[in-house]
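The values are calculated or read from the model by the stated rules, or taken from the named source; none is laboratory data. From a predicted model like this one, the values you see are computed outputs, not experimental measurements. Neighbour counts run over all protein chains shown; Cβ positions are idealised from the backbone, glycine included.
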Ligand code: NI
């Protein structure tokens, strides 16, 4: 963690960073119970515990005023008809907002509040999304072949609450229907994981 201003470069289309402090790799096995089609999930996992997405972060002190920056690289694919997605989270510090800037690929960011408001925004290169405080957020790659590469920045002390989403899922999911992405109600929302 540096004590001087710093820069980093993003190499596209891979989203590779010239430098980073933290590298998080999420594999299919980390998403147990999160996809609608359990059988398709089990079959895919048996075949290969593939990498679904990677996050590269610049670490900063987790104190007010500092910002967490990084890149998320979400690979294309589906479990059954449901597109690959990130785990999704609320911020542990609920008043922490976040900004996403899409650099590469096609996708959606699915959001909701604890009170049940939902929002889904399409992401494409050049688009910026401002996630309000108190909104959980998840990225979904709806592209056929390209990675979805997004730059993010949020307060360094935002923290992550993954557990709420792991238990309930999001109210909306993104599936492929007639060859196109469709946002639909999650029939398993709130039922708890397997
Ligand atoms: Ni976040």
Would you mention how many residues in the stretch 106-125 are without any contact (Cβ under 8 Å) to a residue 60 or more places away in the chain and either surrounded by 15 or more Cβ atoms within 10 Å (Cβ to Cβ) or closer than 22 Å to residue 77 by Cβ (or both)? 12
Residues 108, 94, 31: which one is under 20 Å from residue 135 (Cα atoms) and under 13 Å from the mean Cα position of the chain (by Cα)? 108
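Residues checked against (1) under 15 Å from the mean Cα position of the chain (by Cα); (2) outside any strand (DSSP E or B); (3) within 11 Å of the ligand (Cβ to nearest atom); (4) modelled with pLDDT under 95:
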site	(1), (2), (3), (4)
103	yes, no, no, no
115	no, yes, no, no
140	yes, no, no, no
145	no, yes, no, no
151	yes, no, no, no
174	yes, no, no, no
182	no, no, no, no
Selection count where residues are in contact with a strand residue (DSSP E or B) (Cβ under 9 Å, 6 or more places away or on another chain) and more than 27 Å from residue 14 (Cα to Cα), scope the stretch 164-182: 6
Considering the stretch 32-41 alone, what residues qualify as being assigned to a helix (DSSP H, G or I) and surrounded by 16 or more Cβ atoms within 10 Å (Cβ to Cβ)? 41
Check 61, 133, 76 and return the single one that is farther than 18 Å from residue 31 by Cα, more than 13 Å from the ligand (Cβ to nearest atom) and at pLDDT 95 or above. 61
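Condition (residue is in a strand (DSSP E or B), more than 16 Å from residue 174 (Cβ to Cβ) and in contact (Cβ under 8 Å) with a residue 24 or more places away in the chain) applied to the stretch 42-52: is it met by at least one residue?
Initially, the stretch 42-52 is screened for residues in a strand (DSSP E or B), giving 51-52.
With more than 16 Å from residue 174 (Cβ to Cβ) added as a condition, the list becomes 51.
So of that shortlist, the ones also in contact (Cβ under 8 Å) with a residue 24 or more places away in the chain come out as 51.
Checked against the condition, which is being in a strand (DSSP E or B), more than 16 Å from residue 174 (Cβ to Cβ) and in contact (Cβ under 8 Å) with a residue 24 or more places away in the chain, the stretch 42-52 yields at least one hit.
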Away from the ligand (no atom under 16 Å from the Cβ) and either part of a strand (DSSP E or B) or touching a helix residue (DSSP H, G or I) at 6+ places or on another chain (Cβ under 9 Å) (or both) - does that describe any residue in the stretch 162-170? no
